[in-house]
């Protein structure tokens, strides 16, 4: 009893005074998180760079093979003509160099993506 004669109430139970926890699904960028907390974006980035590297490497090989056939003689009914004329050969050489440089850049980018993905 208090000094005024009124009974003293016990403090409220903290477990009852707080609302029950709610289980919610993640919203926003948290949707992209995996169980380890790393972003799925890193895996997507790595898969993208790997796929693009493979395709550019294949294009580089095909372009280099087509360019190497410059002196191949084709049978055009009577006269033998080269497979590629000089203008087409120059264009193929430039395309082969561009494909090689692009493949090298994507290879470096793939290495950096792998490094980000696997620290």
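What does the extension gain come out to for residue 108 and residue 41, with contour length at 0.36 nm per residue minus their alpha carbon separation? Could you put the intermediate results ahead of the total?
Values: separation 67, 0.36 × 67 = 24.12 nm, distance 1.86 nm.
This chain segment gains 22.3 nm when fully extended.
Can you tell me the length gained on complete extension of the stretch residue 87 to residue 100, counting 0.36 nm per residue apart and subtracting the Cα distance? Mind dumping the intermediate values first?
On the way: separation 13, 0.36 × 13 = 4.68 nm, distance 2.01 nm.
Between residue 87 and residue 100, full extension yields 2.7 nm more.
Using Cβ counts within 10 Å as a stand-in for footprinting exposure, how do 60, 98 rank, fewest first? Before the final figure, lay out each step's value.
Details: 60 20, 98 13.
Starting with the residue having the fewest Cβ neighbours, the order is 98, 60.
Bear in mind that the values in this text are calculations on the coordinates, not laboratory data. Nothing here was measured: the structure is a model prediction, and the numbers come from that model. When we count neighbours, we look across all protein chains shown, and the Cβ atoms used for this are built from the backbone with ideal geometry, even at glycine.
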